[in-house]
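Nothing in this text is a laboratory measurement; each read-out follows from the coordinates by a stated rule. What you are looking at is a predicted structure, and each value in this text was computed from that prediction instead of being measured. So basically every Cβ, Gly included, is an ideal-geometry build from the backbone, and we count neighbours across all protein chains shown.
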Amino acid sequence: MRVLWFTNTPSLYKKPSTGYNGGGWIESLEELIGKENDIELGIGFFHNDSCFKSKIGKTTYYPISLYSTRTQKVLHNLFYSRYDKDEVESFLKIINDFKPDIIHIFGSERSFGLVSLYTDIPVVLHIQGVLNPYLNAYFAPGSSILDSAYQYIFKPKKMLDLLRSYSFFTYNAKREVTILRNCKYFMGRTAWDKNVISLYAPKANYFYCGEILRNVFYSATSWNIHNRKKLIISSTISKTDYKGFDTILKTARLLKDLSDLDFVWNIFGITEYREWEKKLGILCKEVGLNLQGVVSADELVEQLLNSDIYIHPSYIDNSPNSVCEAQILGLPTIATNVGGVSSLITDDETGILVPANDPYSIASNILKLSKDKDKALDLSENARRVALARHNKENILSELLQVYNRITNAKALNKIV
């Protein structure tokens, strides 16, 4: 079977040594599917390389270099809505060259999913996040685009970057509606993403398929209780309001003001969030927050295993890999009950669920877990057991191949799965 992926990252093609944490699970999946003798894999992705394709090992890579020069990037940033047609033409050239039996799109965020309107080859969209629900929760409570822009009133370039970024997100969400309504096949892994897809595409076929994590999390040792006076809390977030950094600041402030807990809170993924420090009047250094930026997977594993509690404060999420990674290590986790998180955590069994925008619940549960080592250990063991089964590589590969076979067989028989 010839399988063509379109991904938001280059996967194993010239893998960068540093940068954004996300996308590593696609590399793990490529490594695994590359061992299947019956699969010929092609991968299309945006990249600066100007070659049309490059065969490395068993995989054919298609770097899409529409925005490889500075001028091209600037024009795209200014007039992004005019580039969908050019992008689709590039995708169709790749499809015509590779001649796949099935096309697998990772995520609805970019224009890849539009190919379902222009090809008879079956297209399956692998749900990551869903932009429109994210847009609904884009700003934290009490905040808006005007409030955010005001922080840069004397920094016009940063203000323009902020407004452009929000406009781009809004446009992508509008395009996503077209993609979701025209795709016949979806893969997902939470009750939430299945429900959202049923709204946009009630006649589409939805398949469950788990998600592989980064390799280092499988080989890591299990978390254990740390006997020390200082509590170490960890979170991994990106610099977007809906990831809940404001909730972290408020929670840390409550812990400092209302308890005698000695703690440090390590935040991975960002190096600063001065906008929220200024809005809330809470400085990171005053409430024990240590912003460590993007770290390697190996370093993240080491840091998480040395932590006592993991906090996921997001306002919206589907199946956050950060929570899955904490669980598979066995790190006791407190997370907001949003989106698909309840498909990952059973409250009070494999973690603790709290309402979104509720720093009081997060703070009180941190205090409870810090004092109840037996409860923390129970949550750890239960989460690790469930996560190891949920992210079992061989099972996920089997699920994926079954989806491919069911869709291609249905196409051959000219019927719906």
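Coupling constants for region 127-142 follow from the phi torsions by the Karplus curve (6.51 cos²θ - 1.76 cosθ + 1.60, θ = phi - 60°), and in residue order they are 5, 10, x, 10, 4, 5, x, 5, 4, 4, 10, 4, 9, 5, x, x Hz; glycine and proline get x. A P(r) calculated from all alpha carbon pairs of region 174-311, with 5 Å bins opening at zero, reads 2, 8, 14, 14, 13, 12, 12, 11, 7, 4, 1, 0 percent.
Secondary structure note: in region 216-390, about 0% of the DSSP beta bridges are antiparallel. Sites listed here are GluC sites (Glu not before Pro) in region 7-100 whose DSSP assignment is loop and whose Cβ has at most 16 other Cβ atoms within 10 Å: GLU36.
Per residue, the convex hull spanned by the Cα atoms of region 87-140 measures out at 79 cubic angstrom. If you look at the Cα atoms of region 216-390, you get an Rg and a Dmax of 14.7, 43 Å. The charge dipole of the chain, taken about the Cα centre with unit charges on the Cβ atoms of Lys, Arg (+1) and Asp, Glu (-1), comes to about 920 debye, rounded to the nearest 20.
Give the percent of DSSP beta bridges with both residues in the chain that are antiparallel, rounded to the nearest 5. Percentage antiparallel, nearest 5: 5. Here the gap between LYS368 and ALA297, fully extended at 0.36 nm per residue and compared with their Cα-Cα distance, gives a gain of 22.6 nm.
Is it possible to state the helix-based mean residue ellipticity at 222 nm for the chain, with each DSSP H run of 4+ residues giving -39500 (n - 2.57), the sum divided by total residues, to the nearest 500 deg cm²/dmol? What is it? Mind dumping the intermediate values first?
Details: 15 runs with 178 residues, N = 417.
Dividing the helical sum by the residues of the chain leaves -13000 deg cm²/dmol.
Volume of the convex hull of the chain (Cα atoms only), normalised per residue: 136 Å³. Across LEU12, LEU213, LEU329, mean-square fluctuation computed from a Gaussian network of the chain (C-alpha pairs under 10 Å connected) peaks at LEU12. Considering Cα pairs under 8 angstrom that are at least six residues apart, work out the relative contact order of the chain and quote it in whole percent. Relative CO of the chain lands at 15 percent.
In the structure shown, the pairs LYS155/LYS239; LYS155/LYS250; LYS158/LYS368; LYS55/LYS393; LYS55/LYS243; LYS99/LYS203 are assessed against 30 Å; a Cα-Cα span above that value is assigned to LYS158/LYS368; LYS55/LYS243. Note on region 60-202: with charges restricted to the Cβ of Lys and Arg (+1) and Asp and Glu (-1), its dipole about the Cα centre is near 360 debye. Among the GluC sites (Glu not before Pro) within region 228-303, those in coil by DSSP and having at most 15 neighbouring Cβ atoms inside 10 Å are GLU272. Relative to the globular-protein estimate of 2.2 N^0.38 Å, the Cα radius of gyration of region 1-123 stands at 1.04. What the phi angles of region 207-224 give under the Karplus curve with 6.51, -1.76 and 1.60, with θ = phi - 60°, is a coupling list of 10, 7, 8, x, 10, 6, 9, 5, 4, 4, 6, 7, 8, 6, 6, 7, 4, 9 Hz, glycine and proline written as x. Within the same chain, aspartates and glutamates fewer than 8 places from LYS85 are excluded, and of the rest, those with a Cα less than 19 Å from its Cα are ASP97, GLU109, ASP120, GLU176. Of all the Cα-Cα pairs you can form in region 201-252, what percent are over 15 Å apart? The proportion of pairs with Cα distances above 15 Å equals 74 percent.
The modelled label-to-label distance between THR178 and SER259, using points 7 Å beyond Cα along the C-beta direction, is 5.0 nm.
When the trypsin sites (Lys or Arg not before Pro) in region 48-117 are filtered for DSSP coil states and for at most 10 other beta-carbon atoms within 10 Å of their beta-carbon, no site remains.
Compared with the direct C-alpha span, the chain from ASN306 to SER68 gains 81.6 nm at full extension, assuming 0.36 nm per residue.
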